[in-house]
Amino acid sequence: MTDSPPWADLFGHPEPYPEQADGIDAAVDAAADGGFLALEGACGTGKTMLALTAGLDRVRDPDSDFERVFVLTSVKQQLRQFETDLRAVNENLPSDYDPVSGLTLVGKADVCPYARENRGGIDRENVYERCEGLRERTRNLVGDGGATTTANLVSEARSQQVGLMDSGSAGPAGGTAAADSGAPDADYLSVDGEPTPYRPDTEEYDDVEFCPFYAGFLDDLPEDGEPAEAVPFDVTELGHVDADELVRLAAGHGSCPHSIMGALVPEVEVVIGNYYHAFDPVTTGTFTGALLDDSTFVVCDEAHMLEPRVRDLVSDAVRTRASATRRTSSRASFSPSRSRARAPSRTTPPSSAASWRTRT
Ligand code: SF4
């Protein structure tokens, strides 16, 4: 009888294929050496579970410096596969293990309560522009010399409903005597049928439009503490949190789901995203930068797509910069050799799934 491998409890199925077990061992060894592994396998050979198990083995080993697994996928179907396999890991963990905490990164269009419900003049197309304006105005209202405080904005936004409730209408939980009193029903924004504490549209203070969900997030942020302290639920008990659950938990509490997502990024054991989250300069500068260090075990799915995709990302930046340069100086010239190599140097494209440690 042979001993079980150290990662056996983290493997989400009863038994690995022999090739899967070899692959997990190879990935664990490569990570322990600070190296990378290029791994190729046909569809259905269990590469997703292989990569997750190897990464989680490193993260859960108290002698390892790895703190998280960062999964980069190129298509949504693969993102779903990682979510499914992570759920399988959690469902099959021994009862004395804590669930593996995980988070799927998605864009504002997928988690903004207004964009999801097409309210407040916000839809999936304009959400980025509208959101930036709303956030800026909210910060201006409550910043140094601002007209009010986050607590007041939140209180006023919530009290719109209290006023209705005072007049006899139902709250989010429903069930009071609006019909009997003849008072209007309280009108809450619901997301996927779940009520939030605010009205269906954005709010105004002194004729300035603001986002009450963002005000709620700012109000929960400790002055000198970690952003994670603004998260209104305990992610270590939940296992994997997908976009729908994130919206339900955050918006139901009255906080911005996208801001909560950002606060959670450094806190969970598995982050599932896409190439942009590791290679797009804007995204890494504002959102995922905390993940890009030597404590991150990176899994890159469909890694043969990495080079063309990342080259496109960097090329866009080069074109923008070159255009700007042309606008400001007719004598300026662009040297391609100085603008290359934004991506880690270890990105020689293997032909299928691969894992390697980030170098930034
Ligand atoms: S701050 Fe959050 S809730 Fe408000 S508009 Fe932006 S994404 Fe939506």
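Residues checked against (1) of a type outside the set (A, V, I, L, M, F, W, C); (2) within 30 Å of Gly289 (Cβ to Cβ):
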{"site": "Ser4", "(1), (2)": "yes, no"}
{"site": "His13", "(1), (2)": "yes, no"}
{"site": "Glu19", "(1), (2)": "yes, no"}
{"site": "Ile24", "(1), (2)": "no, yes"}
{"site": "Gly34", "(1), (2)": "yes, yes"}
{"site": "Ala51", "(1), (2)": "no, yes"}
*asked:* Suppose we keep only residues that are part of a helix (DSSP H, G or I) and of a type in the set (Ser, Thr, Tyr) within the stretch 243-298. Which one would you say is nearest to the ligand (Cβ to nearest atom)?
replied: Ser259
*asked:* Here's a check for you: in the stretch 104-114, which residue that is part of a helix (DSSP H, G or I) and more than 8 Å from the ligand (Cβ to nearest atom) is nearest to the chain's Cα centre (by Cα)?
replied: Asp110
*How many residues are over 21 Å from Ala115 (Cα atoms) and not acidic (Asp, Glu) when one looks only at the stretch 128-152?*
12
_Those residues of the stretch 131-147 which are surrounded by fewer than 17 Cβ atoms within 10 Å (Cβ to Cβ) and either within 16 Å of the ligand (Cβ to nearest atom) or over 25 Å from Lys108 (Cβ atoms) (or both), in sequence order_ = Glu132, Gly133, Glu136, Arg139, Asn140, Gly143, Asp144, Gly145, Ala147
*Among the residues of the stretch 221-239, is there at least one that is part of a loop (DSSP other than H, G, I, E, B), in contact (Cβ under 8 Å) with a residue 40 or more places away in the chain and either small (Gly, Ala, Ser) or away from the ligand (no atom under 14 Å from the Cβ) (or both)?*
yes
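Table: residues versus (1) part of a helix (DSSP H, G or I); (2) at pLDDT 95 or above; (3) within 16 Å of the ligand (Cβ to nearest atom).
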| site | (1), (2), (3) |
| --- | --- |
| Thr84 | yes, yes, no |
| Arg87 | yes, yes, no |
| Asn90 | yes, yes, no |
| Ser95 | no, no, no |
| Pro99 | no, yes, no |
| Arg116 | yes, yes, yes |
| Arg119 | no, yes, yes |
*Inspect the stretch 58-77 for any residue being in contact (Cβ under 8 Å) with a residue 60 or more places away in the chain, touching a Phe, Trp or Tyr at 6+ places or on another chain (Cβ under 6 Å) and part of a helix (DSSP H, G or I) and give the result as yes or no.*
yes
*Taking the stretch 1-57 on its own, how many of its residues are under 23 Å from Tyr97 (Cβ atoms) and assigned to a helix (DSSP H, G or I)?*
22
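This table checks each residue for (1) of a type in the set (S, T, N, Q); (2) at negative phi.
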position: Gly12; (1), (2): no, yes
position: Gly44; (1), (2): no, no
position: Pro62; (1), (2): no, yes
position: Ser74; (1), (2): yes, yes
position: Asp85; (1), (2): no, yes
position: Asn90; (1), (2): yes, yes
position: Pro94; (1), (2): no, yes
*Of the residues in the stretch 121-130, how many are part of a helix (DSSP H, G or I) and more than 8 Å from the ligand (Cβ to nearest atom)?*
2
*Among the residues of the stretch 185-220 satisfying the criterion of being touching a residue at least 12 places away in the same chain (Cβ under 8 Å) and at positive phi, which is surrounded by the most Cβ atoms within 10 Å (Cβ to Cβ)?*
Asp192
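The values are calculated or read from the model by the stated rules, or taken from the named source; none is laboratory data. Small disclaimer: the values here were computed from a predicted structure and weren't measured. Using ideal geometry, Cβ is built from the backbone for each residue, glycine included, and neighbour counts are taken over all protein chains shown.
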